[in-house]
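Visitor: Quick one: the structure is below, and I'll ask about it shortly.
The values are calculated or read from the model by the stated rules, or taken from the named source; none is laboratory data. Since the model is a prediction, treat every value here as computed from it, not as a measurement. Every residue, glycine as well, gets a Cβ built from its backbone with ideal geometry; the counts of neighbours run over all protein chains shown.
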Amino acid sequence: MSAWIERSDGIAIAVRVTPRSSRESFAAGTTEHFVARLTAAPVEGAANAALMPLVAQAFHVPKRAVSLIAGDTARLKRLHIRGDVTTLAGIAAAFYEAGA
């Protein structure tokens, strides 16, 4: 499985979350997922709430364009980002090109 999959209304991405990090960041991970480091603790949805604006900022979309598809309580999450497929896929690919 790829770190992102194109859909008709945007892309779906896989993200491996590390909560309680010293700083927040979003970057390319393995070929199967992105990585997100969050300062929030994984308690009562705090990490999920912190993840949405971080991903929205990384993909230059409004927070409402990012939604959790799967992995509510798991470290590996799947998110849907609504928007122009070509633009979003290009941004996702750029994360991996920058890390190469």
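Every residue, every condition in (1) modelled with pLDDT of 95 or more; (2) buried (at least 17 other Cβ atoms within 10 Å of the Cβ); (3) under 13 Å from the mean Cα position of the chain (by Cα), yes or no:
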site	(1), (2), (3)
9	yes, no, no
15	yes, yes, yes
29	no, yes, yes
37	yes, yes, yes
41	no, no, no
47	no, yes, yes
53	yes, no, yes
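Visitor: Could you tell me which of the residues 30, 39 is among the hydroxyl-bearing types (Ser, Thr, Tyr) and within 18 Å of residue 71 (Cβ to Cβ)?
Guide: Of the residues listed, the single one that is among the hydroxyl-bearing types (Ser, Thr, Tyr) and within 18 Å of residue 71 (Cβ to Cβ) is 30.
Visitor: Go through region 48-70 and give me each residue that's out of contact with any Phe, Trp or Tyr (no Cβ under 7 Å at 6 or more places or on another chain) and in contact (Cβ under 8 Å) with a residue 40 or more places away in the chain.
Guide: Matches in region 48-70: 65, 69.
Visitor: While we're on this one: Looking only at region 71-90, count every residue that is farther than 15 Å from residue 31 by Cα and either crowded, with 16+ Cβ neighbours inside 10 Å or among the charged types (D, E, K, R) (or both) and tell me the total.
Guide: 10
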